[in-house]
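Asks: Below: one structure in structure tokens.
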Amino acid sequence: MIVILFTGGTISMKFDAAQGGAVPTLSGEEIVTATRGLTDVAPLEVEQWGRYPGPHMTVERMWALRNRIADEVRKAHRRPVEDGEDIDAHPDAGPSPLEEAVGREAVEAYERALESLGDTEREAIIARVEMGMSYGALAGALAKPSPDAARMTVSRALLRLAEEMSREQI
């Protein structure tokens with residue numbers, strides 16, 4: 001099964017004279033239907049996740065999309081054991097339940113601390129740390145005058161994040 005999450009970007013756009021430009025109009029289903037042979041590759045699940053032109057894909061929307069993708073990855077890893085399958089023949093290389101619990105607690109603490117930050121600090125951390133955005137691109141996204149200014153914004157935001165996380169442990 002292949003899951004396709006459509007965001008409504010450039011591929012879905014058509015010119016709309018009333019709006020004076022290109023707007024997302026095609027659905028994910030319409031695009032898949034128009035792409036001959038795609039359904040021959042594997043079964044597809046199409047989800048219309050949004051209808052956002054590229055410039056409207058904010059850090060928050062990218063984060064929400066990342067979470068939606070992570071949900072699908074987790075769902076794909078959960079599969080029933082087939083009749084006669086030796087479950088010990090394929091040991092789980094993933095984290096133990098204890099490692100998962102500790103990791104989950106750390107992620108929850110991180111997310112709570114992240115929510116306590118201001119919008120710019122939160123966006124800077126998500127874009128740089130979680131999405132790997134370069135300082136140059138981050139400078140543009142955060143309207144900073146230079147990559148070095150973006151780097152300082154990230155550094156200060158990470159310090160605040162660490163402070164918030166340490167407060168929670170007290």
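Asks: Dipole of the range 1-58 (Lys/Arg Cβ +1, Asp/Glu Cβ -1, origin at the Cα centre): which of Gly50, Phe15, Ala34 lies farthest to the positive side?
Replies: Phe15
Asks: How far is it, in nm, from the label point at Arg104 to the one at Leu44 when both lie 7 Å from their Cα along the line to the Cβ?
Replies: In this crude spin-label approximation the distance works out to 3.5 nm.
Asks: With a 10 Å Cβ neighbour count serving as the proxy for reagent exposure, in which order, fewest first, do Phe15, Phe6 appear?
Replies: In increasing order of surrounding Cβ atoms, one gets Phe15, Phe6.
Asks: Suppose every K and R has +1 on its Cβ and every D and E has -1 on its Cβ; what is the size of the dipole of the range 97-170 about the Cα centre, in Debye to the nearest 20?
Replies: For this selection, approximately 420 debye.
Asks: How far apart, in nm, are two points set 7 Å out from the Cα along the Cα-to-Cβ line at Ser146 and at Arg167?
Replies: The modelled label-to-label distance comes out at 3.2 nm.
Asks: Give me Rg/Rg_expected for the range 1-58, where Rg uses Cα atoms only and Rg_expected = 2.2 N^0.38 Å with N residues.
Replies: That works out to 1.23 for the range 1-58.
Computed from the coordinates by the stated procedures, all read-outs in this text should not be read as laboratory data. Since the structure is predicted, the reported quantities are computational estimates derived from the model, not experimental observations. Cβ atoms come from the backbone with ideal geometry, glycine included; neighbour counts cover every protein chain shown.
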